[in-house]
Amino acid sequence: MKTQKFQSVFDIIGPVMIGPSSSHTAGAVRIGKVVHSIFGETPDEVTFHLYNSFAKTYQGHGTDKALVAGILGMDTDNPDIKNSLEIAHQRGIRIYWDILKDSNAPHPNTVKIAVKKKDKSMSITGVSIGGGNIQVTELNGFSVSLTMNTPTLIIVHQDIPGMIAKVTDILSEYEINIAQMNVTRESAGEKAIMIIEVDTHDCQDAVNKIATIPHLHNVNFFD
């Protein structure tokens, strides 16, 4: 009888359920992918600030591989997750880990991800709450509350009069109903963020039109 050797827990469980804990792996992939989607390009440098439980078990539970996989744009069932650290290295992405085992973070599975590419930078704080579900609590210093379980638009724009009306007019034109909306800004006239949860998954045409609005930096749709 031939004995099969396994190199890691990823080989035994497979790509659908990554690692021994969905909180530490599937949720971590999803947090990383939010960063990938909003940043819009491959970063030169990524710093992961890991808190409490994430900090204590990030290597043993595969959280490090999962977070990097998300940054690379992988989905939770991608078989290359187990190779994400090597893939990032091959692409020239510098990865740094800030391990904070004893902190006052409100949830034990918390990570703050800071990405940079030349003069462009961004940060997101995410929480893995179990079963692959996540919450995003901070975006570029803005306090937000995103579960990413419903279709969501994230729009970064200049804080000038009429921006909200232009976006909502387009959504109305395409008969897209707004379930919840949150708008916040750095300060008057500076960058602002619109976070809009909607009732439909068919939003791409509306998103394409929103992207043409003057003084809009970027729009991302999470289905």
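With +1 on each Lys and Arg Cβ and -1 on each Asp and Glu Cβ, and nothing else charged, work out how big the dipole of the stretch 60-130 is about its Cα centre, in Debye to the nearest 20.
Working: 10 positive and 8 negative charges, 72 e Å.
That gives a dipole near 340 debye.
A simple spin-label model places pseudo-atoms 7 Å from Cα toward Cβ; at residue 99 and residue 212 they are separated by 5.2 nm. Across the stretch 152-222, Cα pairs under 8 Å and at least six residues apart give a relative contact order of 48 percent. Contact order, relative form, for the chain: 19 percent (alpha carbon pairs under 8 Å, 6 or more residues apart, mean separation divided by residue count). Taking a straight Cα-Cα cut-off under 29 Å and skipping sequence neighbours fewer than 8 places away in the same chain, the lysines within cross-link reach of residue 65 are 5, 33, 56, 82, 101, 112, 116, 117, 118, 120.
I want the local charge near residue 53. Using Cβ-Cβ distances under 12 Å, sum +1 for each Lys or Arg and -1 for each Asp or Glu among the other residues.
Working: positive: 56, 101; negative: 102.
Residues close to residue 53 contribute a combined charge of +1.
Summarising the amide proton neighbourhood of residue 98: residues at separation of 5 or more, or on other chains, whose placed amide H is nearer than 5 Å comprise 48, 49, 50. The residues 51, 174, sorted by heavy-atom accessible surface at 1.4 Å with ligands and nucleic acids left out, run 174, 51 from largest to smallest. Per residue, the solvent-accessible area of the chain (1.4 Å probe, heavy atoms of protein chains only, all protein chains present) comes to 51 Å².
For the stretch 211-223, putting each phi into the Karplus relation 6.51 cos²θ - 1.76 cosθ + 1.60 with θ = phi - 60° gives couplings of 4, 8, 5, x, 6, 9, 7, 6, 9, 10, 10, 10, 9 Hz, in residue order, rounded to whole numbers and with x for Gly and Pro.
With the convex hull drawn over the C-alpha atoms of the stretch 11-146, the volume per residue is 93 Å³.
Only protein atoms count toward the accessible area here, which uses a 1.4 Å probe; on the chain, the carbon and sulfur part of that area reaches 47 percent. When 184, 212, 25 are compared by accessible area of protein heavy atoms, the largest-first order is 212, 184, 25, using a 1.4 Å probe.
Sparse packing (at most 11 other Cβ atoms within 10 Å of the Cβ) combined with a DSSP loop state is found for the following GluC sites (Glu not before Pro) in the stretch 117-175: 175.
Find the relative contact order for the stretch 93-223 and round it to a whole percent, using C-alpha pairs within less than 8 Å whose residues are 6+ positions apart. Don't jump to the answer; show the numbers that get you there.
Numbers: 205 pairs, mean separation 28.0, N = 131.
With pairs under 8 Å counted, the relative contact order is 21 percent.
The values are calculated or read from the model by the stated rules, or taken from the named source; none is laboratory data. Computed from a predicted model, the values in this text were never measured in an experiment. Quick reminder, even Gly has a Cβ in these numbers, built from the backbone with ideal geometry, and neighbours come from all protein chains shown. All accessible areas refer to the heavy atoms of the entire protein, side chains included, with ligands and DNA or RNA removed. Shrake-Rupley method; radii C 1.70, N 1.55, O 1.52, S 1.80 Å.
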